[in-house]
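Taken together, the values in this text are just the output of simple stated rules run on the coordinates, not laboratory data. Owing to the predicted nature of the structure, the values given are computational and were not obtained by experimental measurement. No Cβ is skipped: glycine too gets one built from the backbone with ideal geometry, and neighbour counts run over all protein chains shown.
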Amino acid sequence: MARVVLVHGIAQQFQGPELLSLRLAAAARDGVRLSSELVFGPEDVACAFYGNVFVEPGTRAGDLPAWDEHDVEEGLEAELLDVWWQRAVEIDDQVAPADEGEARGWPAYAATRPLRSGWVRARLNALAQARFFQPVAKRLLVSELKQVRRYLDEPPVWQAARAAVAAEISAETRVVVAHSLGSVVAYEALCENPGWPVTDLVTVGSPLGLPLIHRRLSPLPVEGRGAWPGGVVRWTNVADPGDVVALVGSLAPHFVSGPVGKVEDRTLTNGVRMHDFERYLTAPKTATAIAAGLRESSA
């Protein structure tokens, strides 16, 4: 069974565990080999797949509804859209502060304010110009908002996602590497299972520090600080400052300390593919964290 388990993020419903493993497992092995000269084989890496939980029974993965601004729900979906837009404005000069005209003077979204489709449309239009999101269609942006909301709010979804991680954990598993929403899935699964043999958690492109995500974590944070993830000894978090999803790049202040200290935060640059899981996996700052866990398990 696998010593390293990879956990993907959102928008993978068109994939599958074997297909993802072809790319992601190879990227992880390449990264470790090139950065540390430590070699581990294909049998040592598995991909926990949960993208299928977002596919409605009786439909195909490609049957994506023609969602638009009218389909973004008040609450988490609208809040997350606004957060992504505000961050994109900060880091990308191609994104206007808002569409020209009426949107420029609109206040930040508030849950008590009736959600106006124009407010949403302005942000979707702005994000469509962002380097980070190109060439994502606006209906795919809406789909991604809904996947985050469904994982956090719908028990059958988060139960199935965490079960997908559990299915790949074996007595040999020492390192979990989790990307984007997958870092939330992996974190919560590890908290639920403190007896797992996992010693190292590596999160990349993670939204775990984002307030609207952090305050909904399971278990709930206490006095603003999240629990340590189960029996993990070392937790390394890697973020590209241009990664809109990893809006809060430093997780150490937001989680309690672990057995050998707090979360170790590392920054890197993934080029134009800021949020790409493969880029994170091949980066030395990620790969050395994976290698450290593998070396400890072999000692």
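Details
- Peptides ranked, highest mean first, by Cβ atoms within 10 Å: ranges 276-282, 222-228: 276-282, 222-228
- Per-residue 3J(HN,Hα) values for segment 275-280, derived from phi via the Karplus relation 6.51 cos²θ - 1.76 cosθ + 1.60 with θ = phi - 60°, read 9, 5, 5, 4, 4, 4 Hz in sequence order (x marks Gly and Pro).
- Mean Cβ neighbour count within 10 Å, used as a protection proxy, ranking 180-193, 77-90 highest first: 180-193, 77-90
- Rounded to the nearest Hz, the phi-derived 3J(HN,Hα) couplings of segment 76-84 under the Karplus curve 6.51 cos²θ - 1.76 cosθ + 1.60 (θ = phi - 60°) are 4, 4, 5, 4, 5, 4, 5, 5, 4, where x marks glycine and proline.
- Cα centroid separation, segment 222-299 to segment 138-208 (Å): 14
- Each Lys and Arg Cβ is given +1 and each Asp and Glu Cβ -1; about its Cα centre, segment 154-299 then shows a dipole of about 220 debye.
- Net dipole in debye of segment 197-275 [+1 Lys, Arg Cβ; -1 Asp, Glu Cβ; about Cα centre; nearest 20]: 140
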